[in-house]
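Each remark here refers to the structure printed beneath this line.
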Amino acid sequence: MDMQIMLASNHGAYLCAATARPVIQFRLTSRAQIQTLEYGQPLNINGVDFSFHPAGHILGSAQVRIAYKGEIWVVSGDYKTEDDGFSEPFEPVKCHTFITESTFALPIFDWQPQHLIFDEMNNWWKENQKNGITSVVCAYSLGKAQRIIQNLDHKIGKIYCNQAIENTNQVIRNQGVDLKPTIALKADISRGELEGQLVMITPNSMGTAAIRKLRPFATASSSGWMMLQKRNFGGGVDKGFVLSDHADWKGLLWAVKQSEAEQILVTHGYTDAFAKYLNENGYNAKTIDTHFEQAKKKSSVETNPE
Amino acid sequence: MKLFYNLILNTKKALSVEEKGMILLQYLKMANSKDKLFALELVIGKRQKRFVTNGEIKEWLFEVANLPDWLLEKCLEVSGDLAETITLLANPENEERENLSLLEMGKLIETIDTKDKIALNFYFQKTI
């Protein structure tokens, strides 16, 4: 989500981790200058060292380490601590100040290991197949979609992706990443061909005529917010899988501890609660607004970013 | 309890009376014989008189959860539901609780008086 906002604002020049480049290039509407670094490779700008370190959020996502005269700061960006089998796994970086996101910074957010979630998703797919219906999974085209494609059991059947997801898949395959096979969901594919298979679509195509055509089908969505019943049943899907690309409460606490930072700055999420809890547990923590949150406050639009 | 939990969950999701019937039949085939009567009583809507208030359960939660009160209040606010908050805070890998039969759970509840925390302590003993 953040990347989409960032790209929409369309700055002139980008610096990113090497594996993030193709997707950024693909999503940009105008020609922009993109410079890349390998993870851990420093770049000196005006005497300040910058380097990227895996954030485990999506392919190519990075924490940014900034070092100047022995003082080190790390900006986490969006991250998750569990290895998802597709993104470069999160690597803790020691620093003096750690700026952490806090999307799911409450103890009620406690993810199960992803193999249990994918067992559940595979079983759901098999059950639908047995009943002769198509499984429709709603996921963001970048990140969640590829994580699901990579972890589902392809022996069950074929995975079809709508155009937005398949375009991103193609970009990722073209950069040499071994993403498991998927088929583009073309308009001329017959209902019969899709029976018992799994179709991945983006949230904006949910409920459109093209998808309604696939009946009979069962729909599912996957997000950390599925942990809460009110979100689970409010989304108009049959099944909710609790699968997030953000760290849960324990993951956030682990990352903070691993940073060994003297100062924790909390942003983007349940900032007040997380900073307060950290302060009560021996850390020196403060909240900090991101550029996005300031803009959000101005427009007073309430969203739940993930 | 897991069987009963699935019975409730699946009947809630079922779209027709026939489907509900099938789910109930499936449960009766698999459930412990001592649990069956209990389960039937609950699914047809016969309930014991309420003997614990929401306020008391919340009070117990605050006593046994190893978290500050303000953080629990925040969790309740975000979840919007006391029972759900307790479920989310409880350790999912507590096998002792998972294997508890409906009958045992019923007996456990009968032993509670309003100042007794056995049930909740049991629920929280391995959490967080």
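Working carefully through the options B:LEU25, B:LEU82, find the one that is of a type in the set (A, V, I, L, M, F, W, C) and touching a residue at least 12 places away in the same chain (Cβ under 8 Å). Break it down stepwise before answering.
Numbers: B:LEU25 fails: touching a residue at least 12 places away in the same chain (Cβ under 8 Å).
So the residue among B:LEU25, B:LEU82 that is of a type in the set (A, V, I, L, M, F, W, C) and touching a residue at least 12 places away in the same chain (Cβ under 8 Å) is B:LEU82.
Find the residue count for the stretch A:257-281, including only residues that are within 14 Å of chain B (Cβ to nearest Cβ), out of contact with any Leu (no Cβ under 7 Å at 6 or more places or on another chain) and part of a loop (DSSP other than H, G, I, E, B).
1
Looking at the stretch A:15-71 only, could you name the residues that are farther than 26 Å from A:ASP245 by Cα, among the basic types (Lys, Arg) and at pLDDT 95 or above?
Once the filter is applied, which keeps residues that are farther than 26 Å from A:ASP245 by Cα, among the basic types (Lys, Arg) and at pLDDT 95 or above, the stretch A:15-71 yields only A:LYS69.
Kindly list the number of the only condition in (1) part of a helix (DSSP H, G or I); (2) within 20 Å of A:LEU142 (Cα to Cα) that fails for A:VAL177.
(1)
Looking at A:ILE172, A:ILE165, A:ILE133, which is the one that is under 19 Å from A:PHE217 (Cα atoms), not polar (S, T, N, Q) and not assigned by TED's automatic domain parsing to the domain that holds A:PHE26?
Numbers: A:ILE172 fails: under 19 Å from A:PHE217 (Cα atoms); A:ILE165 fails: under 19 Å from A:PHE217 (Cα atoms).
On inspection, the qualifying residue turns out to be A:ILE133.
Return the residue satisfying two criteria in turn: it lies in the stretch B:65-82 and is over 17 Å from the mean Cα position of the chain (by Cα) and either more than 11 Å from every other protein chain (Cβ to nearest Cβ) or β-branched (Val, Ile, Thr) (or both), and of such residues it is surrounded by the fewest Cβ atoms within 10 Å (Cβ to Cβ).
B:ASP69
Any residue at all in the stretch B:89-99 that is surrounded by 15 or more Cβ atoms within 10 Å (Cβ to Cβ), modelled with pLDDT of 85 or more and of a type outside the set (D, E, K, R)?
yes
Check the stretch A:220-240 and report whether any residue there is under 25 Å from A:GLY132 (Cα atoms), part of a helix (DSSP H, G or I) and touching a Cys at 6+ places or on another chain (Cβ under 6 Å). Break it down stepwise before answering.
Narrowing the stretch A:220-240 to residues under 25 Å from A:GLY132 (Cα atoms): A:220-222, A:232-233, A:235-240.
Pick out the ones that are also part of a helix (DSSP H, G or I) and you get A:232.
So of that shortlist, the ones also touching a Cys at 6+ places or on another chain (Cβ under 6 Å) come out as none.
No: the stretch A:220-240 contains no residue that is under 25 Å from A:GLY132 (Cα atoms), part of a helix (DSSP H, G or I) and touching a Cys at 6+ places or on another chain (Cβ under 6 Å).
For the stretch A:175-197, check the following and say yes or no: at least one residue is under 20 Å from the mean Cα position of the chain (by Cα) and either within 14 Å of chain B (Cβ to nearest Cβ) or closer than 22 Å to A:ASN131 by Cβ (or both). Spell out the reasoning first.
Narrowing the stretch A:175-197 to residues under 20 Å from the mean Cα position of the chain (by Cα): A:175, A:177-180, A:182.
Those left that are additionally either within 14 Å of chain B (Cβ to nearest Cβ) or closer than 22 Å to A:ASN131 by Cβ (or both): none.
No, the stretch A:175-197 contains no residue that is under 20 Å from the mean Cα position of the chain (by Cα) and either within 14 Å of chain B (Cβ to nearest Cβ) or closer than 22 Å to A:ASN131 by Cβ (or both).
So that you can scan it fast, the table gives a plain yes or no per residue for (1) among the hydrophobic types (A, V, I, L, M, F, W, C); (2) modelled with pLDDT under 95; (3) loosely packed, with under 15 Cβ neighbours inside 10 Å; (4) touching a His at 6+ places or on another chain (Cβ under 9 Å):
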position: A:SER223; (1), (2), (3), (4): no, yes, no, no
position: A:TRP249; (1), (2), (3), (4): yes, no, no, no
position: A:ALA273; (1), (2), (3), (4): yes, no, no, no
position: A:ASN304; (1), (2), (3), (4): no, yes, yes, no
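Sort through A:ILE211, A:ILE148, A:ILE165, A:ILE117 and tell me the only one that's away from chain B (no Cβ under 14 Å), touching a strand residue (DSSP E or B) at 6+ places or on another chain (Cβ under 7 Å), surrounded by fewer than 20 Cβ atoms within 10 Å (Cβ to Cβ) and not in a loop (DSSP other than H, G, I, E, B). So that I can check it myself, show each step before the final result.
Values: A:ILE148 fails: surrounded by fewer than 20 Cβ atoms within 10 Å (Cβ to Cβ); A:ILE165 fails: surrounded by fewer than 20 Cβ atoms within 10 Å (Cβ to Cβ); A:ILE117 fails: away from chain B (no Cβ under 14 Å).
It is A:ILE211.
Matching residues to (1) among the hydroxyl-bearing types (Ser, Thr, Tyr); (2) under 24 Å from A:ASP272 (Cβ atoms); (3) not assigned by TED's automatic domain parsing to the domain that holds B:LYS20:
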site	(1), (2), (3)
B:LYS36	no, no, no
B:GLN48	no, no, yes
B:GLU63	no, no, yes
B:LEU67	no, yes, yes
B:LEU71	no, yes, yes
B:CYS75	no, yes, yes
B:GLY80	no, yes, yes
B:GLU84	no, yes, yes
B:THR87	yes, no, yes
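Taking only pairs six or more apart or across chains, which ones have beta-carbon atoms under 6 Å, a first residue in the stretch A:131-147 that is at positive phi and touching a residue at least 40 places away in the same chain (Cβ under 8 Å), and a second residue that is buried (at least 22 other Cβ atoms within 10 Å of the Cβ) and not aromatic (Phe, Trp, Tyr)?
Hits for this filter: A:GLY143/A:ILE58; A:GLY143/A:ASP245.
So, A:SER190, is that one under 30 Å from A:PHE98 (Cα atoms) and among the hydroxyl-bearing types (Ser, Thr, Tyr) or not? Lay out the reasoning, then the answer.
Values: under 30 Å from A:PHE98 (Cα atoms): no; among the hydroxyl-bearing types (Ser, Thr, Tyr): yes.
It is false that A:SER190 is under 30 Å from A:PHE98 (Cα atoms) and among the hydroxyl-bearing types (Ser, Thr, Tyr).
The values are calculated or read from the model by the stated rules, or taken from the named source; none is laboratory data. Just so you know, these numbers come straight off a predicted model, no measurement behind them. Here the Cβ is made from the backbone with ideal geometry for all residues, glycine too, and neighbour counts use every protein chain on show.
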